[in-house]
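Below you'll find the structure, written out as structure tokens, and then a few comments.
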Amino acid sequence: MITRRLLLALFALLPLSAVAQEIGDDGLHIQPWFYQGFLELGADLEDAAAEGKGLIVIFEQKGCPYCRELHEVNYAIPDIVEYQSEHFLTVQLNMWGDRVVTDFDGEELSEKQLAQKWGVNFTPTLSFFPAEAAGATDREAAEAFRMPGYFKPFHYATGLEYLVSGGYLDTGFQRFARARFERMEAAGLNPSLWD
């Protein structure tokens, strides 16, 4: 029987081209499980909440090597994709894009204007909104957690769990990640922080 640990070890040996992702006309990686709504973020969060899920808004840009890592490494791990799909709707935005997005406060902006308004300076940046924030009209009050940049698989998966478990309500992310690492280590899983 192949264990998760063995599967991850085998995955680490694969050349990146073996897990290359399709690129769209805008230069962003395509994930078939990303949510294709109407780019009305308040309504998207309400749709997510109706399914018992949170919302992730991910800003990316063409040619971003860390966005490529997110897609070719993290999103090549079935457990991460399954967990994220089960617990979140994920909306992908282009940091330099011109599509019109309606912010939580009702303001209509281009993707690049929204990135500037939200203080997104690099990619990928992931903003997490819990189902409980549905109906919010203030992005800052609704946003529970932000991943500013690429997080390797352990920390990325920990970030997802941080939101789903409600850990963000009473624990800092670093303490939460350390506790998760210690639990996994105690269970003999030997988690890697660098792979």
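Quick note: the coordinates plus some simple rules give every number you see, no bench work behind them. These numbers were taken from a predicted model, which means no experiment stands behind them. FYI the Cβ positions are ideal-geometry reconstructions off the backbone, even for glycines, and counts take in every protein chain you see.
Data overview
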{"quantity": "Every residue from the stretch 106-117 that is free of Cβ contacts under 8 Å to residues at least 60 places away in the same chain and not in a helix (DSSP H, G or I)", "calculated": "E107, E108, L109, S110"}
{"quantity": "Contacts under 7 angstrom Cβ, first residue in the stretch 60-73 being farther than 12 Å from M147 by Cα and free of Cβ contacts under 8 Å to residues at least 60 places away in the same chain, partner surrounded by 19 or more Cβ atoms within 10 Å (Cβ to Cβ) and hydrophobic (A, V, I, L, M, F, W, C), 6 or more apart", "calculated": "K62/L28"}
{"quantity": "Tally, over the stretch 38-78, of residues that are surrounded by fewer than 16 Cβ atoms within 10 Å (Cβ to Cβ), small (G, A, S) and part of a helix (DSSP H, G or I)", "calculated": "2"}
{"quantity": "Unmet requirement for A136, which otherwise passes all of (1) in contact (Cβ under 8 Å) with a residue 24 or more places away in the chain; (2) touching a helix residue (DSSP H, G or I) at 6+ places or on another chain (Cβ under 9 Å); (3) assigned to a strand (DSSP E or B)", "calculated": "(3)"}
{"quantity": "Filter result (crowded, with 18+ Cβ neighbours inside 10 Å and over 14 Å from E40 (Cα atoms)) within the stretch 132-143", "calculated": "A133, A142, E143"}
{"quantity": "Every residue from the stretch 179-195 that is over 25 Å from T123 (Cα atoms) and of a type outside the set (D, E)", "calculated": "A179, R180, F181, R183, M184, A186, A187, G188, L189, N190, P191"}
{"quantity": "Search result, residues across the stretch 79-120 that are of a type in the set (A, V, I, L, M, F, W, C), under 15 Å from G37 (Cβ atoms), surrounded by 20 or more Cβ atoms within 10 Å (Cβ to Cβ) and out of contact with any Gly (no Cβ under 8 Å at 6 or more places or on another chain)", "calculated": "L93, V101, L114"}
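Condition check ((1) more than 18 Å from I80 (Cα to Cα); (2) more than 15 Å from the chain's Cα centre (by Cα)) across all residues:
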| residue | (1), (2) |
| --- | --- |
| A141 | yes, yes |
| M147 | no, no |
| Y150 | no, no |
| S165 | no, yes |
